[in-house]
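> Quick one: this structure, given as structure tokens, is what I'll be asking you about.
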Amino acid sequence: LSVKLACTCLCLMLTGPAVAQTSGWTFALSPYVWMPGIGASVATEWGTVVVNKSSREVVSKLNVAFMGTFEARHGRWGLIADLFYADLSQSRATPLGLLFSRAQVETEAKALSAYAAYRIHEDDRTSFDLLAGLRVNALDIDLSLSPGLLPGQRFGVSETWVDPLIGGRVRFAITDHWFATAFADVGGFDVGSDFTWQVFASLGYQFDDRWSVQGGWRHVAIDKEINGRDVENDFSGPLLGFTVRF
């Protein structure tokens, strides 16, 4: 799925200027390096295992996630695709008293969100979009419990599902070159996840009409029952990327 998205984005980059001139469409591609800390909570027969890893620990072990956004816009209407991928691990000692000596949780998360956007307000400095869409999630979690009073255990949970989403996005021009962006969505509503939400905020610098850079913070939270186990995952950390418009 991510390969198809990348190929589509590349084709649009090659043909975008001509298409935009003749059709009125504009396009924007924004790849990011994302360095999220991760919190995971997995229910087991002996209790709930909770482990956390900070963004600094992720960076020190070179566990860096990727995210990217592609947007097509025509007048007040827009289509937005957002992809992120994270493959992270974390551990903690004595997670369930003395029953086990250590817990190791390995998490691989992939998500592709697609939104229809409608611009309800735009002036010289501010624009605001309402969003509605879907997110396809694929989550694989492997939990290892090292021996303590009980022998070691290992099991995994894995599922792919779709969440409905609603949200909003605002962009504010601070100066002719500096701008701020904020984005949020909520979803799941027991259709896919029990509940999921995310927030994104960034500060950017616009070099010209085509190129800009931005840095900020993103937090994604997922709460879902997978294979009969209550699972909570949070990804939260800084990001840095650029945008090219055509």
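> Looking only at Cα atoms, what is the convex hull volume of region 41-161 per residue, in Å³?
Each residue corresponds to 140 Å³ of Cα convex hull volume.
> Then there's this: Per the helix-only calculation at 222 nm, which mean residue ellipticity applies to the chain, given -39500 (n - 2.57) for every DSSP H run of n ≥ 4 and division by its residues, nearest 500 deg cm²/dmol? Mind showing how you got there, number by number?
Numbers: 2 runs with 28 residues, N = 246.
Value at 222 nm, helices only: -3500 deg cm²/dmol.
> By the scheme Lys and Arg +1, Asp and Glu -1, what is the net charge of all other residues having a beta-carbon under 13 Å from that of GLY156?
Neighbour charge sum, excluding GLY156 itself: -3.
> Helix 2-23 versus the longest principal axis of the chain: what angle, 0 to 90°, nearest 10, using Cα atoms?
For helix 2-23, the angle is close to 10 degrees.
> Whole-Å semi-axes of the chain's equivalent ellipsoid, largest first, each the root of 5 times a Cα gyration tensor eigenvalue?
They are 38, 18, 16 Å, listed from largest to smallest.
> Explain nothing, just the number: dipole magnitude of the chain about its Cα centre with +1 on each Lys and Arg Cβ and -1 on each Asp and Glu Cβ, in debye rounded to the nearest 20.
Once rounded to the nearest 20, the dipole reads 480 debye.
> Zone of ASP123 (label point 7 Å along Cα→Cβ, backbone N under 20 Å): which residues in region 152-189?
Of the residues in region 152-189, 169-182 have backbone N under 20 Å from the label point off ASP123.
> In nm, what is the difference between 0.36 nm times the number of residues separating ARG102 and VAL170 and their Cα-Cα distance? Could you put the intermediate results ahead of the total?
On the way: separation 68, 0.36 × 68 = 24.48 nm, distance 4.37 nm.
Result for the pair: 20.1 nm of gain on full extension.
> Next up: Per the 1.4 Å probe, what fraction of the accessible area of region 82-137, in percent, lies on carbon and sulfur atoms? Before the final figure, lay out the partial values.
Details: 1430 of 2570 Å².
Reported share for carbon and sulfur atoms: 55 percent.
The values are calculated or read from the model by the stated rules, or taken from the named source; none is laboratory data. Everything numeric in this text was worked out from a predicted model, so none of it was measured. Note that each Cβ is placed from the backbone with ideal geometry, even for glycine, and that neighbours are counted across all protein chains shown. Please note that ligands, DNA and RNA were not included when accessible areas were found on the heavy atoms of the full protein model with its side chains. Shrake-Rupley method; radii C 1.70, N 1.55, O 1.52, S 1.80 Å.
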